[in-house]
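Let me begin by presenting the structure, written as structure tokens, before commenting on it.
Here, each number is a calculation from the coordinates, and none is a lab measurement. Since this is a predicted model, take the numbers as computed values, not measurements. Every residue, glycine as well, gets a Cβ built from its backbone with ideal geometry; the counts of neighbours run over all protein chains shown.
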């Protein structure tokens, strides 16, 4: 019963909240004119963050859980956190990061950590087998919900990030009047 509740919380709570935070972050980037401020450099950080979380999610959905696969998930979520720090460090001073966007970033950084911790609790026995289990074996059977979850992640999180990257690459970070006015208010 607790396992079922945790699975439902992951699927119907944590995951949708993370997607909503991502949508909010995307809108903040549009409002603060990312294409004319921090540009494609910042967008590449977003692509990398998406990819490491996609790997973590794919491992969770497609592979048998054991210490090695869980370690890969933890490494990917940790890499996401490091990339998020690098992203904001690069962007600070190049583009206005509002209190709302900072709050959204908090959700986007913490929710994957919470999700992987909950996943670890759900699969404690399998992870506890250590390195005795096959390192990389496909989960069987591959389920439709797993495929749909991966596809929804790629579409709902991936399309906005790729659109932003294409938009920023088109504009090549030429400062706009709106961006210059925003930086003037920060000083």
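Residues within the reach of a label modelled at residue 85 (point 7 angstrom out along Cα to beta-carbon, backbone nitrogen below 16 Å), restricted to the range 18-51, are 49. The stretch between residue 62 and residue 4, if pulled fully straight at 0.36 nm per residue, gains 19.0 nm over its current Cα-Cα span. Sorting the segments 12-18, 23-29 by their mean number of nearby beta carbons within 10 angstrom, highest to lowest, gives 23-29, 12-18. Please report the spacing between the Cα centers of the range 143-157 and the range 59-119 in Å, no decimals. Each part's Cα centre sits 18 Å from the other's. Shown is the FRET efficiency for residue 78 and residue 30, computed with R0 = 25 Å from the Cβ-Cβ distance and rounded to the nearest 0.05: 0.30. GNM, the chain, Cα, under 10 Å: largest mean-square fluctuation among 69, 129, 91? Result for the chain, Cα springs under 10 Å: 129 fluctuates most.
Between 0 and 90 degrees, the angle of helix 99-122 with respect to the longest Cα principal axis of the chain falls at about 10 degrees.
Treating r as the C-beta distance of residue 124 and residue 155 and R0 as 41 Å, the FRET efficiency rounds to 0.85. Any idea what angle helix 144-156 forms with the longest principal axis of the chain, computed on alpha-carbon atoms, 0 to 90 degrees, nearest 10? Here the helix axis deviates by roughly 10 degrees.
Normalised by residue number, the volume inside the convex hull of the Cα atoms of the chain is 110 Å³ per residue.
As I understand it, the value is the acute angle between the Cα axis of helix 177-186 and the longest principal axis of the Cα atoms of the chain; what does it come to in degrees, rounded to 10? With both axes taken from Cα atoms, the answer is about 80 degrees.
Across the chain, C-alpha contacts under 8 Å between residues 6 or more apart give a mean separation that, scaled by the residue count, equals a relative contact order of 44 percent.
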